[in-house]
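Taking it in order: structure first as structure tokens, then the write-up.
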Amino acid sequence: MAFNGLKKAVTLSPSVRTLPSGVPAAPLLNLAARAPADPHAHASGAGPRSDVPPRWTGGVSRTSSGLVSKTFTTLSPTTPSSVRFMHTTPAVKDAPEVPDFSHYRANDNDNNRALSYFMVGTMGLVSASAAKSTVTEFLKSMSASADVLALAKVELELASIPEGKNVVIKWRGKPVFIRHRTQAEIDEARDVKWQSLRDPESDDARVKKPEWLIMLGVCTHLGCVPIGESGDYGGWFCPCHGSHYDISGRVRKGPAPLNLEIPAYEFNEAEGKVIIG
Amino acid sequence: MSISTTLYNTVFRRNSVFVTTVFAGAFAFGIGFDTAVTTFYDRWNRGKQWKDIRHKYAESEE
Amino acid sequence: MLRRWGAGALNRTAPLPLFRPKNVLRLPRALAVRNASTASSSNAFESFLNSRVTLVSVSLFTAGSVAWYTHLYGSLPFLPQVHASLDSDEGLHPPAYPWSHMGLFDTFDHASIRRGYQVYREVCAACHSLDRIAWRNLVGVSHNVDEVKAMAEEVEYQDGPNDEGEMFTRTGKLADYMPPPYANEEAARAGNAGALPPDLSLIVKARHGGADYVFSLLTGYVDPPAGVEVREGMNYNPFFPGGAIGMARVLFDGLVEFEDGTPATTSQMAKDVVTFLHWAAEPEHDERKKNGIKAVILFSVLTLASLYVKRFKWTPIKNRKIFYDPPADKTH
């Protein structure tokens, strides 16, 4: 900035007289002279170019008597007009000195290129890995919490249920029917022509062991709890809207659209337990 | 041909290869990094964690 | 810029051609004056006084001395303080003990947690509840599944309502929480002369000094010093704020018998039970530290890489030079 300023500045010497209005009174100085139009300037009436002395400072003109050189000011336009006693700006230089940057240059362009790509790639890789962990952990936080999961499994001793009896236990707030079926009931469930039922399902597909029928005790119609050992088919009967289920929990009559649902369960042979959930 | 040039020509030259490498690498890195940190952590805390001492109690139970 | 460097900087740059030779020739006096003002020897001291380094180091020294004094004596220097309370009302500050889980990478000592659970069960559980710990939390931390199941089954829990709408009792399951010693707060107060034994689930987090404090409290019972009177039914413990605590000393050598043969000294039991309580307060502790290691490594790498990439991207922008080549002017 200081560089340009010094180059441009044309400070009138204090020897010029000044009118009371502050306008310098220089007899030969034409203050009304317009600066030459600057074709590169943004505004139309721009100032003079810095590399050409303004015309009002004088110059060479061609007249009838030949070339005439006139100087209207006492200053040369390109030198500082006065010495600055307070030195606050860097030295004026004719041409900017370009520092030596060779120290910063890479020795090997191939290495440098590979390094740059490598760093960009590493950043992407680590970011992707971190982002993946973040998203995974966030999604994990939406799954069931440990105390819910701890309640999600129910164990039951099978030996306590005599043959031909129902047991109802609560699992995740819903009743679960566990029936120890007799051989006659198993045969009855197997003999049905299940292909023609409303929700065709074989008895084999509904039990893991034929003597143990385990299913959710929620009517598939509107969610009532069916009553055991009743109904037209010797199974369950829903008192709300009269759906009948057979001894395999399949819907046989009434408004229910589907068979009673089978939860996920496992048998623990060693301890004679069933684990629901 | 130096390593960097080889690397550039195999991985960095095509953007599709580059991006694929980054994502595949992120996957591998995730697993490897987990394993490395866990290994370090278990070695640092050898004998203190439950998995280091559970055999003492598991045997006595059965 | 030059002005900010101070006088010393001017001295260093003096040989540089700050003025064009023409000016020097024309105005030798101006230069001479400037040189005279900067080259005098008394200015070395002045520049030392004016330098930023001096300012910064003196500030640091002052602030450091104040901080050191405050740390050492607990109050600001030259500012006398008056306390309405005695220092003993706040309790002794516990010393910092070298816990085996104190380091950045250290997990809990799980054998210690197991012993500590035994101490809690046999000693503390008589009065203190542990509401927020369920049986399942012990699994894989200090006990096997089978052990915990067996322990849970020894406890009866009320459940219900059953089909008839009545509550019933059943044996404990893994999902049940630790049984409280008292049915409710009133019962607890009534059983302890009006003092409520606090729940121990978060006690290490809930007390100043944390594990150090709990350990000091458990092992810090002494006879009251001369002049200190402790009410009937209270006990003197210098670590307890106020000095008088409702809880009596409970840990004595050989009180429990550890299954792994560790001698059950008072301090051993206190250390183990505090480790257990620390685990109870921060069950995520081990996993947290492992994740911390990962996060620090990952984000350090990311920081360095992004600094590199930032420089890489900005280098051509910061170092570019813009040339303006004016088109040939044909108007004049």
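The values are calculated or read from the model by the stated rules, or taken from the named source; none is laboratory data. The shown structure was predicted, so the numbers you read here are calculated from the model rather than taken from an experiment. Positions of Cβ are generated from backbone atoms using ideal geometry, with glycine treated the same way; all protein chains shown enter the neighbour counts. All accessible areas refer to the heavy atoms of the entire protein, side chains included, with ligands and DNA or RNA removed. Shrake-Rupley method; radii C 1.70, N 1.55, O 1.52, S 1.80 Å.
Confirm whether A:E188 is more than 14 Å from chain B (Cβ to nearest Cβ), surrounded by 17 or more Cβ atoms within 10 Å (Cβ to Cβ) and of a type in the set (D, E). When the stated conditions are applied, A:E188 passes them.
C:L302 fulfils the conditions (1) in a helix (DSSP H, G or I); (2) open to solvent by 60 Å² or more (accessible area, probe 1.4 Å) except for a single criterion, (2). Taking the stated definitions as given, is A:G228 at pLDDT below 80, small (G, A, S) and crowded, with 16+ Cβ neighbours inside 10 Å? Judged against the criteria, A:G228 is a match. Checked against (1) farther than 24 Å from A:K153 by Cα; (2) modelled with pLDDT of 90 or more, C:M178 passes all but condition (1).
Of the residues making up segment B:28-62, those that are assigned to a helix (DSSP H, G or I), more than 8 Å from every other protein chain (Cβ to nearest Cβ) and open to solvent by 90 Å² or more (accessible area, probe 1.4 Å) are B:I31, B:R43, B:K51, B:H55, B:E59. If the condition is being more than 7 Å from chain B (Cβ to nearest Cβ) and surrounded by 11 or more Cβ atoms within 10 Å (Cβ to Cβ), then segment A:98-122 contributes A:A106, A:D108, A:N112, A:L115, A:S116, A:F118, A:M119, A:V120, A:T122. Among the residues making up segment C:287-322, those that are of a type in the set (A, V, I, L, M), at the interface with another protein chain (Cβ under 9 Å from one of its Cβ atoms) and either over 23 Å from B:A26 (Cβ atoms) or within 26 Å of the chain's Cα centre (by Cα) (or both) are C:I293, C:A295, C:I297, C:L298, C:V301, C:L302.
Per-residue answers, yes or no, for (1) within 14 Å of another protein chain (Cβ to nearest Cβ); (2) part of a loop (DSSP other than H, G, I, E, B):
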{"position": "C:Y97", "(1), (2)": "no, yes"}
{"position": "C:T107", "(1), (2)": "yes, yes"}
{"position": "C:S112", "(1), (2)": "yes, no"}
{"position": "C:Y117", "(1), (2)": "yes, no"}
{"position": "C:Y120", "(1), (2)": "no, no"}
{"position": "C:A125", "(1), (2)": "no, no"}
{"position": "C:S129", "(1), (2)": "no, yes"}
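A count restricted to segment C:227-257 and to residues that are open to solvent by 20 Å² or more (accessible area, probe 1.4 Å), within 22 Å of C:A126 (Cβ to Cβ) and part of a loop (DSSP other than H, G, I, E, B) stands at 15.
Taking the criterion of being part of a loop (DSSP other than H, G, I, E, B), touching a residue at least 60 places away in the same chain (Cβ under 8 Å) and away from chain B (no Cβ under 14 Å), would at least one residue in segment A:132-148 satisfy it? No, the conditions are met nowhere in segment A:132-148. Answer with yes or no whether C:D146 is part of a helix (DSSP H, G or I), open to solvent by 20 Å² or more (accessible area, probe 1.4 Å) and either touching a residue at least 12 places away in the same chain (Cβ under 8 Å) or within 25 Å of C:Q268 (Cα to Cα) (or both). The answer is no for C:D146. The single residue among C:P224, C:P263 that is in contact with a Phe, Trp or Tyr (Cβ under 6 Å, 6 or more places away or on another chain), assigned to a loop (DSSP other than H, G, I, E, B), farther than 30 Å from B:F29 by Cα and open to solvent by 50 Å² or more (accessible area, probe 1.4 Å) turns out to be C:P224.
Would you confirm, using the coordinates I've provided, whether A:E163 is farther than 21 Å from B:V22 by Cβ, of a type outside the set (V, I, T) and in a strand (DSSP E or B)? It is false that A:E163 is farther than 21 Å from B:V22 by Cβ, of a type outside the set (V, I, T) and in a strand (DSSP E or B).
Here is a check on your reading of the model: is C:E164 without any contact (Cβ under 8 Å) to a residue 12 or more places away in the chain, in a helix (DSSP H, G or I) and farther than 23 Å from A:A152 by Cβ? No; evaluated as a whole, the condition is false for this residue. Among the candidates C:L200, C:L174, the residue that is under 33 Å from the mean Cα position of the chain (by Cα) and either within 17 Å of C:C124 (Cα to Cα) or in contact (Cβ under 8 Å) with a residue 40 or more places away in the chain (or both) is uniquely C:L200. Tallying residues that are in a loop (DSSP other than H, G, I, E, B) and either touching a Pro at 6+ places or on another chain (Cβ under 6 Å) or closer than 21 Å to A:G124 by Cβ (or both) within segment B:1-27 yields 2. All conditions but one from (1) at pLDDT 90 or above; (2) over 30 Å from A:T136 (Cα atoms); (3) open to solvent by 50 Å² or more (accessible area, probe 1.4 Å); (4) at the interface with another protein chain (Cβ under 8 Å from one of its Cβ atoms) apply to B:Y8; the one that does not is (3).
If the condition is being modelled with pLDDT under 80 and buried (at least 22 other Cβ atoms within 10 Å of the Cβ), then segment A:232-247 contributes only A:G235. Only one of these conditions is not met by C:F276: (1) within 30 Å of A:A131 (Cα to Cα); (2) buried (at least 17 other Cβ atoms within 10 Å of the Cβ); (3) within 24 Å of the chain's Cα centre (by Cα). Which number is it? With respect to (1) within 30 Å of A:A131 (Cα to Cα); (2) buried (at least 17 other Cβ atoms within 10 Å of the Cβ); (3) within 24 Å of the chain's Cα centre (by Cα), C:F276 is out only on (1). Kindly establish whether A:D204 is touching a residue at least 60 places away in the same chain (Cβ under 8 Å) and outside any strand (DSSP E or B). Taking the combined requirement at face value, the residue does not satisfy it.
As for segment C:314-324, it holds no residue that is among the hydroxyl-bearing types (S, T, Y), surrounded by 12 or more Cβ atoms within 10 Å (Cβ to Cβ) and either touching a Gly at 6+ places or on another chain (Cβ under 7 Å) or modelled with pLDDT under 90 (or both).
Residues that are surrounded by 14 or more Cβ atoms within 10 Å (Cβ to Cβ) and within 20 Å of B:D42 (Cβ to Cβ) within segment C:92-104 comprise C:W99, C:S100, C:H101, listed in sequence order. Checked against the criterion of being open to solvent by less than 30 Å² (accessible area, probe 1.4 Å) and modelled with pLDDT under 80, the candidates A:V176, A:V154 yield just one match: A:V154.
Annotation: C:L218 fulfils all but one of (1) assigned to a loop (DSSP other than H, G, I, E, B); (2) more than 30 Å from B:R43 (Cα to Cα); (3) under 25 Å from the mean Cα position of the chain (by Cα); the unmet one is (1). Inspect all residues belonging to segment C:277-294 and state whether any of them is among the hydrophobic types (A, V, I, L, M, F, W, C) and free of Cβ contacts under 8 Å to residues at least 40 places away in the same chain. Within segment C:277-294 (the criterion being among the hydrophobic types (A, V, I, L, M, F, W, C) and free of Cβ contacts under 8 Å to residues at least 40 places away in the same chain), the answer is no, since none of the residues qualifies.
All conditions but one from (1) touching a helix residue (DSSP H, G or I) at 6+ places or on another chain (Cβ under 9 Å); (2) open to solvent by 60 Å² or more (accessible area, probe 1.4 Å); (3) farther than 23 Å from C:D109 by Cα; (4) within 12 Å of chain A (Cβ to nearest Cβ) apply to C:P180; the one that does not is (4). Taking the conditions (1) more than 12 Å from every other protein chain (Cβ to nearest Cβ); (2) within 19 Å of A:S243 (Cα to Cα); (3) in contact with a strand residue (DSSP E or B) (Cβ under 9 Å, 6 or more places away or on another chain) in turn, A:S196 satisfies each one other than (3).
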